[in-house]
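Following: one structure in structure tokens, then a few remarks.
The values are calculated or read from the model by the stated rules, or taken from the named source; none is laboratory data. Here the structure is a predicted model, which is why all the values come from computation and not from measurement. Here the Cβ positions follow ideal geometry from the backbone for every residue, glycine too, while neighbour counts run over all protein chains shown. SASA here: full protein model, heavy atoms, side chains in, ligands and nucleic acids out. Shrake-Rupley method; radii C 1.70, N 1.55, O 1.52, S 1.80 Å.
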Amino acid sequence: MAEALVTIAAEGILKKVLSIAAGELAIAWGYEEKLTSLHSKLEMVRAKLLDAEEKKETRAVMVWLKQLKDAVDEADDVLDEVHYEMLRRQIKKQDRMARKVVCLPSLKKFSFRYKIGHKIQNINEKLLKINTEASSLGLQNQHPACPVLNRLYWRETVPNQEEFKIVGRDNDKLHIIELLTQSRKEEKIIIVPIVGMGGIGKTALAKSVYNDKKIEQHFDVKAWLCVSVKIDINALLAKIYESLAKKKPTSDLRINLIESLKEQLASKRYLLVLDDVWVEERPYWEEFRSCMLNVSSQNGSGILVTTRKHEIGTHDMHMDACHLNGLSDDHCWDIFREKAFVAGTSVSPELVKIGGDIVEKCGGLPLLLNVIGGMLAHYNNIEKWLSIKNSKVWDLEEERDRVQKSLELSFDNLPNSIVKQCFAYCSIFKKDTVMEREELVQLWMALGLVQADEERNKAMEDVGNDIFQILVSNSLFQDVKRDEYGYITRCSMHDLVHDLSLSLSKHESLCLEDATNDDIACVPRVKHLAFYQEQNYKLAAEVSMFIERNTVARSLRTLFIEGELEKKFSFQRLKCIRILQLKCYTLQKLDDSIGGLVHLRYLDLTYTSIHVLPESVGKLYHLQTLKLPDIKQFPGAMRNLISLRYFKCYKNIPANIVGQLTSLRTLPSFTVLRKKGHGIEELRHLNNLVGSLYISHLENVSSKEKAVKAHLSRKKKLCEIEFNWCVDSQGSTRVDKEVLEGLQPPADLKILTITSFSGDNFPEWVIKMAINIEGKETPLDKLVSLTLYDCRSCLSLPMLEYGGLDMLKEFRCYRINQVFVSIVEISWAI
């Protein structure tokens with residue numbers, strides 16, 4: 001893993017260093033030679049990394065790898081500072097041109113130039129020393145067989161292959177459902193444990209029961225919560241309340257918690273699932289049962305518990321427990337075959353034979369069958385399969401050790417260090433966290449783990465999505481959820497897989513749940529730190545003090561805080577921070593020091609009470625992702641966020657700001673106003689937009705020429721557009737047809753909606769459903785949905801039979817001119 005950490009960092013800055021060295025700032029300030037030297041020294045050291053990986057068990061080599069990692073991180077920070085200065089000068093240059101102001105050299109610039117030059121020189125000296133030490137350790141130059149990124153793209157996976165299927169548990173499922181719905185109806189509560197070792201399929205079985213139709217019909221209320229750690233009964237009651245009410249309880253006293261639960265459950269029959277429970281003592285469960293008996297007056301409620309503890313709870317719990325054994329050979333082969341082989345393709349008998357031997361070694365564990373099968377799906381050579389079959393992992397006596405080492409085997413066979421590091425970073429999340437694909441990719445991008453691939457013309461997001469898919473297809477990510485188009489939007493990790501990510505990143509990341517004062521005081525030197533303070537809100541001062549005074553804060557690259565902070569919180573210490581996520585509702589003001597975070601790329605303030613941003617936010621030139629709560633007003637300096645790619649907020653960015661954000665990829669809506677800087681032409685440079693775009697108040701566009709300047713047809717990754725006019729704005733001055741003529745969408749548009757259009761006829765491109773750009777007509781042949789709403793004056797409809805609309809599945813037409821349409825609404829779908 002140490003090799004993976006170094007390699008990904010080195011790969012990233014190797015590309016960056018040459019790019020910066022060729023820039024005019026580096027040349028003007030005399031950095032070109034030093035940066036070229038830095039590049040060559042990095043190349044020399046990187047050549048020894050593969051040999052170091054093979055000898056990483058040696059303590060001396062591990063020390064060498066750590067020194068190299070620190071030097072590479074330092075180089076990354078310095079290059080980032082140079083790039084920040086380049087962006088700052090670019091913005092200042094644009095501002096001077098707009099205001100026609102001459103800017104003279106300053107002593108501050110010369111000081112920065114000297115300081116950076118000195119830093120680059122120091123790093124060169126460190127790398128030279130590290131390279132010399134590598135030779136003394138006997139490390140030899142080795143080069144990968146192919147470039148790192150080239151190994152990222154494996155064969156396409158079968159659709160939906162990544163879903164875990166419940167196999168061989170039908171009898172167990174029926175037995176549990178019968179216990180919960182039929183047995184001892186006269187009793188208020190039955191507690192049923194599902195018991196088995198890690199990876200046996202306890203959670204999967206519990207989910208299958210939880211979502212069964214009989215369960216849905218029998219219980220009035222259902223709730224699911226992951227426990228994962230040993231917690232006292234009051235904390236467990238609080239978690240149950242939160243899972244039901246979707247908010248935290250107002251008191252942590254037991255009597256109040258029980259009263260709060262009564263408000264939620266009252267006379268209802270409920271099913272509660274407690275996943276991954278670790279407390280087994282009988283008195284604990286007797287006391288818990290006593291509390292829950294006071295909650296509901298209805299008989300027949302059920303509590304389903306998943307646990308690895310065989311002797312859990314009371315006598316009745318022992319009697320009702322469902323002990324899971326390993327799956328049968330046939331069921332194991334069914335799981336493995338579906339993961340390892342592509343349906344409908346021929347498989348060599350040799351691989352089938354080896355696969356059978358591997359299945360036998362998996363010991364009937366669905367988790368291993370999915371993970372090992374998913375890994376081998378990407379290899380067709382017999383040698384790789386034999387190496388897995390003959391691995392010493394299977395010889396370990398303890399079953400738990402075999403499982404953990406088998407998962408490590410899957411990790412080791414991931415295609416490259418980029419994918420490995422992206423997986424390891426997921427340890428920053430709590431167990432059982434539902435991870436959003438888009439958020440994960442944004443976090444990987446912010447850390448520099450994911451970069452654009454120019455050779456394949458892939459943006460950072462595309463590369464990140466490929467990595468995400470690799471982790472899904474290897475079953476390291478599971479429980480995937482999909483959107484209406486079939487794309488995966490979220491997933492989670494099995495608790496044993498999460499344990500693997502924790503073990504891999506233990507020197508880099510730390511995730512603290514409900515930390516004590518002692519925990520906070522003893523935080524080691526890590527790069528990524530998360531505080532999850534669900535039960536203890538009294539540590540706000542301690543957490544704030546840690547950030548402000550502890551030297552660890554200076555090297556942090558990720559900081560998650562879910563809990564509370566002091567109302568006045570300074571960011572000055574977070575010199576190296578790339579990712580900052582604050583879920584602190586009492587935080588009402590963002591300190592001006594936020595503008596000093598020159599490396600910051602990801603800022604999430606969604607769950608705070610901040611309503612105003614300081615002007616200093618406009619200095620975050622590297623910022624890629626910004627997520628905000630309900631902001632009252634945006635500072636004008638936000639127009640300087642030229643690296644911003646993702647923006648999420650309940651309020652829209654004003655047009656005069658958004659028009660400058662040329663890297664922006666998400667813009668849910670755009671409002672046109674009749675004042676300077678707020679016209680439709682502000683969209684002209686936003687050609688990186690993806691997804692959907694809602695354009696409102698188009699009555700404020702005065703001509704076709706103005707509309708054309710929006711250059712909508714150039715925004716090739718937009719798949720959904722809605723054009724909207726204000727229905728109350730009528731009159732002879734409306735030029736809706738001409739404006740819509742100028743707003744021709746991109747050719748790959750999938751969903752088109754036109755609302756409150758007042759023209760008597762649609763422009764030609766709408767009638768034909770084909771855009772005409774510079775004399776070339778292109779059909780909108782990707783269109784799947786077309787909606788026309790409240791176009792009351794219109795005397796014509798699009799000619800959908802014109803041709804080229806084979807993918808059109810849905811046409812909706814509401815409140816169209818009734819002179820030629822005999823019905824008010826038309827709606828059809830194929």
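Given the -39500 (n - 2.57) contribution per DSSP H run of 4+ residues, what per-residue ellipticity at 222 nm results for the chain, rounded to the nearest 500 deg cm²/dmol?
The helix contribution divided over the chain gives -12000 deg cm²/dmol.
The accessible surface of region 306-448, taken with every protein chain in place and a 1.4 Å probe, is 47 percent carbon and sulfur.
Please identify every one of the chymotrypsin sites (Phe, Trp or Tyr not before Pro) in region 631-692 that sits in a loop by DSSP and has no more than 10 other beta carbons within 10 Å of its own beta carbon. Write out the running numbers ahead of the final one.
Details: sites: Tyr646, Phe647, Tyr650, Phe670; in loops: Tyr650.
Passing sites in region 631-692 are Tyr650.
About the centre of its Cα atoms, the chain shows a dipole size close to 3080 debye [charges on the beta carbon of Lys, Arg (+1) and Asp, Glu (-1) only; nearest 20 debye]. At a probe radius of 1.4 angstrom, the accessible area of region 488-560 per residue rounds to 42 square angstrom.
With the Cα gyration tensor of region 321-402 giving a ≥ b ≥ c as the square roots of its eigenvalues, does the rule (a/c under 1.5 for rounded; else a/b larger than b/c for prolate; else oblate) give rounded, prolate or oblate? Note, shape of region 321-402 comes out oblate.
Separation of the alpha carbons by more than 20 angstrom is noted, of Lys339/Lys458; Lys48/Lys126; Lys92/Lys458; Lys361/Lys420, for Lys339/Lys458; Lys92/Lys458; Lys361/Lys420. The convex hull built on the alpha-carbon positions of the chain has an orientation-averaged projected area of 41.1 nm².
Within region 452-520, what whole-number % of the accessible surface is contributed by carbon and sulfur, with the 1.4 Å probe and all protein chains included in the calculation?
Solvent-exposed carbon and sulfur of region 452-520 make up 44 percent of the total.
Dipole of the chain computed with +1 at Lys/Arg Cβ and -1 at Asp/Glu Cβ about the Cα centre; of Leu35, Ala60, Cys491, farthest Cα towards the positive end is Leu35.
Calculated accessible area for region 310-404 comes out at 52 Å² per residue, all protein chains present (probe 1.4 Å; ligands, DNA, RNA ignored). Cross-link pairs exceeding 19 Å between alpha carbons, from the set Lys706/Lys737; Lys248/Lys583; Lys173/Lys239; Lys214/Lys246; Lys222/Lys247: Lys173/Lys239; Lys214/Lys246. Of the three principal axes defined by the Cα atoms of region 235-357, the extents in descending order read 65, 32, 25 Å.
Ignoring ligands, DNA and RNA, what accessible area per residue does region 412-457 give at 1.4 Å, in Å²?
On a per-residue basis, 31 Å².
Overall, the accessible surface of region 160-294 at a probe of 1.4 angstrom is composed of carbon and sulfur to the extent of 48 percent. Are there GluC sites (Glu not before Pro) in region 366-442 that DSSP puts in a loop and that have at most 10 other Cβ atoms within 10 Å, and which ones? When the GluC sites (Glu not before Pro) of region 366-442 are filtered for loop state and at most 10 Cβ neighbours within 10 Å, Glu397, Glu398 remain.
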